[in-house]
1. I need to check one value: relative contact order of the range 89-234, counting alpha carbon pairs closer than 8 Å and at least 6 residues apart, in percent.
2. Taking neighbour counts of Cβ atoms within 10 Å as a proxy for exposure, in what order, fewest first, do Tyr15, Tyr7, Tyr158 appear?
3. For the range 64-129 and the range 254-271, what is the separation of their Cα centres, given in Å?
4. Summarise the long-distance tail of P(r) for the range 7-54 by giving the % of C-alpha pairs beyond 15 Å.
5. List the aspartates and glutamates whose alpha-carbon lies under 17 Å from that of Lys184, not counting same-chain residues fewer than 8 positions away?
6. Calculate the spin-label point distance for Ala162 paired with Ser193, positioning each point 7 Å from the Cα along the beta-carbon direction, and give it in nanometres.
7. Rounded to the nearest 500, what is the 222 nm mean residue ellipticity of the chain from helices alone, with -39500 (n - 2.57) per DSSP H run of 4+ residues and division by all residues?
8. Long-range amide H contacts for Arg177: which residues qualify at under 5 Å (H placed 1.01 Å from N, peptide plane, sequence gap of 5 or more or a different chain)?
Amino acid sequence: MIVSASYRTDIPAFYGRWFMNRLEAGFCRVMNPYGGAPSTVPLTRVAVDGFVFWSRNLAPFLVHLDEVKRRGFPFILQTTITGYPRALEASVPAAAQAAALLRAAAERFGPRTTVWRYDPILLTSITEADWHFANFARLAGELRDATDEVVVSFADFYAKTATNLAAAAGRHGFSWRDPDREEKRALLRRLASVAAEHGMALTLCTEPDLAPLVPAARCIDAERLSDIAGRPIVAREKGNRPGCACAESRDIGAYDSCPQGCVYCYAVRNRSAVQRSREHHDVEGEALIEPRRSADVAAKVHAPILTPPRPKPPVRPSR
């Protein structure tokens, strides 16, 4: 079994102590986001073939990765670095800081372990296609030799995403749009060319209407995990939606629990929902977000957790 930690929230940035507590316990509980019964996910060396960690800030988790490796678990670090203006992502690390962390992880655990995500691509009046080209080229230069793959996708406009984007656009005075297929294809060609110049394959996450322009991404990648582990890891392909080429996995995160404030995020309804979730987080709890809190765990709920430092504003690239 491959365990995803997590495409629903940023466990490495905010919930590292909880994860290590659950690794020591050998299991965690996962609440069903659709209202069904919770499930138990074993986290033992016998049960887990490897982990896929998703993050925008590896800093709080790097120290724990040494222990994860010592215990014999191979892992992939899916690290998102976009360098967007603060109007779009309020409190993620500056792009240069995030790139330095990814490079450090590649040097420590090997470049096959690290995958860069330039995801999602959001077209706005402050991030048009030419802006993305220049921004992507700068980041690719900073990440040369730190990874062999960059995963991209275009933003999906779910109802909650559109609501959050509209609110941010009103506050900061920008407009946003969903580009047509040909505009997406043109930008992908430009980005793929830049990625190749820097020794990276550009792959596309769950965009079947744009295939076969670039290869489909396998964010949960059993082949990459096999290379890292030095042994075969077999998992059937079982995507989360049409066009997804991921291997089968179990995700142990929770929606509405990431406080980084990215207005395009599909996993967060609003800041109030995140605050309520954080109030129900117990670093010693079996689930990342407990369904209710009682007086006997109130002190634990407010125990210090690994929270990344307030990042400096990123440097905007020139056109």
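Quick note: the coordinates plus some simple rules give every number you see, no bench work behind them. Quantities reported herein were computed from a predicted structural model and do not represent experimental measurements. Here the Cβ positions follow ideal geometry from the backbone for every residue, glycine too, while neighbour counts run over all protein chains shown.
1. With pairs under 8 Å counted, the relative contact order is 26 percent.
2. Numbers: Tyr15 30, Tyr7 19, Tyr158 12.
Ascending number of Cβ neighbours within 10 Å: Tyr158, Tyr7, Tyr15.
3. Result: 17 Å between the Cα centres.
4. 54
5. Lys184 reaches Asp119, Glu128, Asp130, Asp156, Glu207, Asp209.
6. Computed distance between label sites Ser193 and Ala162 equals 3.4 nm.
7. Calculated at 222 nm, the ellipticity per residue is -9500 deg cm²/dmol.
8. Hits under the 5 Å cutoff: Leu123.
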